Amino acid sequence: MEEKQLGMFGQFKKDVRRRMLTGLLLILPVYVTFFVVKFLFGFVGGTLSPVIKKVLQFYGVALPKTTLDEFIITFLGLILTFISLYFIGIFAANFVGKSIITYFENLLTKTPIIKSIYSSVKQIIHSISLPGKQAFKRVVLVDFPKAGTKSIGFVTGATQHNNEQKLICVFIPTTPNPTTGFLIFTPEKDLIDSNLTVEDAFKTLFSGGVLTPKDIATSVKRADNQTSG
């Protein structure tokens, strides 16, 4: 009788654990999404919040005292940010806007230190956002950090060594934070092409390998036409 009760108790614990895990898997993505959206809302909306507060002070309106007041001001800041971006886009498209932007860009590119930061950031943003541009051209496996150990890498381009040997630019992200990683230059022959899509690769990285596909098909092949430009 006692053994039966222990067995029932063990089964009950397993059932509770399984249901809690199921609930966690359902809630966690919603929880993370909520905080990401909240951060973006506060970051974008908060950009113009001080301006809105100054305007309210100028017209004699009391500053926000409650959480609801802060939310309303942040929301107004969010709307004004999008409106501002829209009109900046219109301004940048006409002749006068282009001339002014070109003038300030020339000023930035001639300023020491600032020119390096500005040029690098501009190139990265353009490479990611322009239509038809793919920041990550292929998902490959590469021996890293040592021979015999395979890491996921993204082919981002190609260069040459001494104007002779072609080297492939490969970004190897870290896990579970793939926004950081290592950039290596390696010959094409050292890369192993995979059947992973960019989305599959990021799922694997974000999950620390938990969401790795059951089978990663690989092949060694030349892909010079894919890595040019």
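The values are calculated or read from the model by the stated rules, or taken from the named source; none is laboratory data. Keep in mind it's a predicted model, so treat the numbers as computed, not measured. Note: ideal-geometry Cβ built from the backbone for every residue, glycine included; neighbour counts use all protein chains shown.
Tabulated data for the structure shown
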{"item": "Test result for T111, closer than 30 Å to S207 by Cα and of a type in the set (V, I, T)", "result": "no"}
{"item": "Hey, T227 closer than 30 Å to L25 by Cβ, of a type in the set (V, I, T) and at pLDDT below 90 or not", "result": "no"}
{"item": "Positions within region 114-145 being of a type in the set (D, E, K, R), at pLDDT 90 or above and part of a loop (DSSP other than H, G, I, E, B), in sequence order", "result": "none"}
{"item": "Only listed residue being hydroxyl-bearing (S, T, Y), out of contact with any strand residue (DSSP E or B) (no Cβ under 7 Å at 6 or more places or on another chain) and not in a helix (DSSP H, G or I), chosen from T111, T74, T33", "result": "T111"}
{"item": "Failed condition for T47, given (1) touching a residue at least 12 places away in the same chain (Cβ under 8 Å); (2) part of a helix (DSSP H, G or I); (3) of a type outside the set (A, V, I, L, M, F, W, C)", "result": "(2)"}
{"item": "From S99, S84, residue being of a type in the set (G, A, S) and more than 28 Å from the chain's Cα centre (by Cα)", "result": "S99"}
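Here is a yes/no grid of residues against (1) buried (at least 17 other Cβ atoms within 10 Å of the Cβ); (2) modelled with pLDDT under 90:
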position	(1), (2)
K166	no, no
V170	yes, no
T175	no, yes
F185	no, no
D190	no, no
V198	no, yes
T204	yes, yes
